[in-house]
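The values are calculated or read from the model by the stated rules, or taken from the named source; none is laboratory data. Note that the structure is a prediction, hence the values are computed from the model and not measured. Heads up, the Cβs are rebuilt from the backbone with ideal geometry, glycines too, and the neighbour counts pull from every protein chain shown. What goes into the accessible areas is simple: the full protein's heavy atoms, side chains included, and nothing from ligands, DNA or RNA. Shrake-Rupley method; radii C 1.70, N 1.55, O 1.52, S 1.80 Å.
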Amino acid sequence: MPSDIKKASKSASDEPKIPVGIHWYVIRAVSGQEKKIKSYLDNEIIRQKLDEVVPQVLIPAEKVYEVRNGKKRVREKSFFPGYILISADLANNRALDMILNMPGVLGFLGNSQVGTTSKMPVPLRQSEVNRILGKVDEEAQEVATPTVAFHRGENVKVIDGPFSSFIGSVEEVFDDRKKLNVVVKIFGRNTPVELSYAQVEKES
């Protein structure tokens with residue numbers, strides 16, 4: 001019996017723990033409902049007075065300029081449909097429970113114990129955070145459009161914007177708009193992003 005108790009004790013102490021302190025995590029959310037879920041989270045954080053342990057909820061987005069019916073308009077386009085970023089101290093059980101029980105939240109990306117009742121979220125590395133939160137110049141000046149031609153299936157390197165230094169594959173070419181759909185690997189998942197010709201270069 002003492003031997004069994006000793007083994008159980010060791011097993012419990014070896015269980016991975018959520019890091020203490022504020023870290024960035026990725027929440028998996030019902031696609032198309034990211035803004036609604038963020039609103040729920042923001043309201044609940046205030047209601048439960050958790051703003052010190054959950055200081056920020058973010059939907060990474062960029063401003064996209066469109067011309068429809070001859071009129072120019074601006075809309076926000078999410079970088080990562082189906083994902084929400086959150087900075088939090090998830091060692092605080094109230095904060096963790098609040099997030100996991102929020103309508104529309106499917107869990108955390110990168111749980112170390114997938115398929116178990118114990119959800120151990122894995123924080124983003126600082127290098128990933130820096131890339132995702134890279135500043136997008138909203139008032140970017142017009143840049144001369146490169147004369148180079150891009151083709152579907154070729155690899156390109158992103159040289160500007162929050163995906164800078166990512167390598168991706170060209171999925172679609174919109175020559176009339178000088179835009180590309182490029183598939184890059186984000187959080188281990190292939191994600192299509194729209195980029196201008198000026199934001200990429202051919203991978204040598």
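Distance between the 7 Å Cα→Cβ label points at Ser78 and Glu194: 1.6 nm.
Loop only per DSSP, at most 10 neighbouring Cβ atoms within 10 Å: give me the trypsin sites (Lys or Arg not before Pro) in the range 173-204, ordered by residue number. Kindly include the intermediate steps, with their values, before the conclusion.
Working: sites: Arg177, Lys178, Lys179, Lys185, Arg189, Lys202; in loops: Arg177, Lys178.
Loop-located and lightly packed - none at all.
Of the heavy-atom accessible surface of the range 156-204 (probe 1.4 angstrom), what whole percent is carbon and sulfur?
43
Distance between the 7 Å Cα→Cβ label points at Asn92 and Asn43: 2.0 nm. Length gained on full extension, Ser164 to Lys202, computed as 0.36 nm times the residue gap minus the Cα-Cα distance: 12.3 nm.
Each peptide in 36-42, 157-163 gets a packing score, the mean of other Cβ atoms within 10 Å over its residues, and the list from highest to lowest is 157-163, 36-42.
Of the cross-linked pairs Lys36/Lys157; Lys36/Lys185; Lys35/Lys202; Lys38/Lys178; Lys38/Lys185; Lys35/Lys179, which ones have a Cα-Cα span greater than 28 Å in the structure shown? Could the numbers behind the result be given before it?
Numbers: Lys36/Lys157 34 Å; Lys36/Lys185 26 Å; Lys35/Lys202 35 Å; Lys38/Lys178 33 Å; Lys38/Lys185 24 Å; Lys35/Lys179 26 Å.
Check vs 28 Å cut-off fails for Lys36/Lys157; Lys35/Lys202; Lys38/Lys178.
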